[in-house]
């Protein structure tokens with residue numbers, strides 16, 4: 001019997017005779033009565049998205065002074081693709097760059113399957129990536145939040161582990177890389193929460209990329225009884241001798257079984273890579289798409305209660321509008337693949353997962369002076385009103401289908417809402433509200449419908 | 001005694017003192033060679049990933065890690081949230097490398113006391129206490145399947161190794 005199977009069967013057997021379990025909050029069992037779904041996948045999409053090219057489907061019409069409109073996000077939004085000046089697709093041999101749009105994955109766009117809040121606001125703080133991402137996972141605008149600093153207020157991961165009784169491997173944050181302090185988003189520095197309640201984290205393009213191949217692939221697997229038992233005994237003795245409070249290698253309170261499971265996952269993913277079995281999207285030609293591919297492997301293996309995945313390629317818009325369009329199109333492709341994978345490849349999560357998609361912030365209305373190969377202007381994000389204009393999309397059980405809530409004249413929703421929305425879905429909203437640590441204007445999006 | 005009388009006596013007193021000091025026995029003090037290093041366990045600072053990896057590599061390979069390797073290995077550690085998992089996985093990858101330099105099992109079994117002392121010195125940069133030395137020797141002697149690699153692995157993943 002493989003060790004993973006053994007652990008699973010042991011866990012099942014243990015579950016049959018389980019005893020009441022007191023959560024760190026002092027409550028017996030996790031709150032489960034009001035769950036809308038057992039799993040949540042939150043996509044941080046995808047590095048600062050301009051409203052004009054996403055929700056408004058203006059393509060080149062409200063950026064480059066060209067009268068060409070169309071929808072390049074047809075897995076997420078309903079609308080016809082542009083017919084002219086197509087540069088966002090792939091490049092068949094000998095043809096114009098980007099001329100071939102990527103085929104849609106979802107026959108029914110997500111806005112028809114679920115609810116779209118087309119006019120959400122990033123209402124406070126500067127529209128920077130880390131502040132935006134931190135707001136997304138903590139529900140609190142870190143007005144004084146600095147780079148290289150963990151979120152000041154607790155993250156949804158910590159709320160879920162503390163109030164929902166989730167294990168460490170039930171909550172995952174998947175980063176597009178290790179830059180911009182992204183690895184710091186898996187837990188806050190709040191004294192009542194912190195690393196004891198953190199999410200597990202991978203920046204899979206590094207973990208499983210060339211660097212991971214050099215320093216992880218083929219790592220030695222010690223026999224669990226004959227080798228690991230004496231190793232752990234020696235380690236315990238050495239740690240006991242050291243025994244200084246708080247002086248330990250940083251960790252996330254994964255149990256020994258969870259640590260072994262993560263290592264098994266790392267080894268299995270390298271094997272699947274070698275055998276071309278990783279479920280990458282049909283087109284995988286940038287970092288966001290490979291990140292989503294590895295995310296599907298995490299979903300398949302761990303079936304997490306909460307997965308937050310960050311994409312960022314759209315941020316190439318600082319220097320190249322053409323690259324921005326390509327990345328936006330690929331972000332949509334990635335989301336379509338992710339949702340399709342959940343519904344077709346993970347039976348435990350099918351029809352039991354709510355996916356939420358939200359940009360961490362928007363982009364400016366006016367361009368910067370940089371032009372690209374098509375002489376198109378680039379766009380930054382420096383807190384102008386347009387960069388505060390974002391959207392949120394939800395799809396899954398208990399999410400009303402084909403519903404739009406809010407308009408430009410009547411914006412509904414805030415970037416800080418996502419934490420309470422996830423808490424609402426997973427049955428811990430009241431606990432999170434009671435902490436008083438989310439933005440005072442934040443609400444569950446279900447309460448805004 | 002008036003002042004002129006006292007002045008006349010000063011030379012006599014000085015001569016007396018000088019003669020007395022000449023007869024005093026001379027002593028020469030020396031010190032024995034002692035290895036000066038801490039035996040307490042109060043590590044204060046945690047190593048950065050770069051420090052940890054650099055020192056680990058030097059301990060296992062007995063040569064320095066290249067700057068390029070160090071950057072890449074640090075990125076890998078950063079890419080995994082649970083650092084215990086990250087370090088254990090990287091260490092076990094090193095352990096699979098035929099280039100690492102480990103003491104032979106024979107040397108460990110023949111002289112476990114020296115092996116234990118050297119291992120503490122190598123990883124923790126200190127001498128073990130008597131209790132630590134005794135426990136480790138007993139453990140090695142009572143576990144015939146334990147290898148130097150297992151001991152090195154246990155030391156490398158111990159909390160003390162992470163602090164300096």
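Every number in this text was worked out from the coordinates using simple rules, so none of it is lab data. All of these numbers come straight from a predicted model, not from anything done at the bench. Backbone-built Cβ (ideal geometry, glycine too); neighbour counts: all protein chains shown.
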Over chain A: helical MRE at 222 nm, DSSP H runs n ≥ 4 each giving -39500 (n - 2.57), nearest 500: -9500 deg cm²/dmol
For segment B:46-101, what log10 I(q)/I(0) values come out of the Debye formula at q = 0.13, 0.16, 0.17 1/Å, with one point per alpha carbon and no solvent? -0.28, -0.43, -0.49
Average beta-carbon neighbours from other chains, 10 Å sphere, peptide B:89-96: 5
Partner chain coverage, peptide B:70-76 - average Cβ within 10 angstrom: 5
Take peptides A:167-173, A:80-86 and line them up by average Cβ neighbours within 10 Å, highest first, as a rough protection proxy. A:167-173, A:80-86
Arranged from highest to lowest average of other beta-carbon atoms within 10 Å per residue, in what order do the peptides A:328-340, A:104-116 appear? A:328-340, A:104-116
Return the percentage of antiparallel bridges among DSSP beta bridges fully within chain A, rounded to the nearest 5 %. 35
Log10 I(q)/I(0) at q = 0.07, 0.09, 0.10, 0.12 Å⁻¹ for the protein assembly as shown, from Debye over equal alpha-carbon scatterers, is -0.51, -0.77, -0.92, -1.21
Please work out the C-alpha center-to-center distance from segment A:101-137 to segment B:89-164 and express it in whole Å. 52
Is there a simple number for the mean count of other chain Cβ atoms within 10 Å of the Cβ of residues in B:145-158, and what is it? 5
May I ask for the angle, rounded to the nearest 10°, between helix A:129-138 and the longest principal axis of chain A, with both axes built from Cα atoms and the value confined to 0 to 90°? 50
Subtract the Cα-Cα distance of residue B:141 and residue B:13 from 0.36 nm times their separation in residues, and report this length gain in nm to one decimal. 38.8 nm
Calculate how steeply helix A:228-242 sits against the longest principal axis of the alpha-carbon atoms of chain A, using the helix alpha-carbon long axis, and give the answer as 0 to 90 degrees to the nearest 10. 90
Cα convex hull of segment A:30-79: how many Å³ per residue? 110
Students often check this: by mean Cβ neighbours within 10 Å, which of A:130-138, A:93-101 ranks highest, and how do the rest follow? A:130-138, A:93-101
Per principal axis, largest first, the Cα atoms of segment B:103-164 extend in Å by 31, 22, 16
Rounded to 10°, Cα long-axis angle of helix A:3-16 versus longest principal axis of chain A: 80
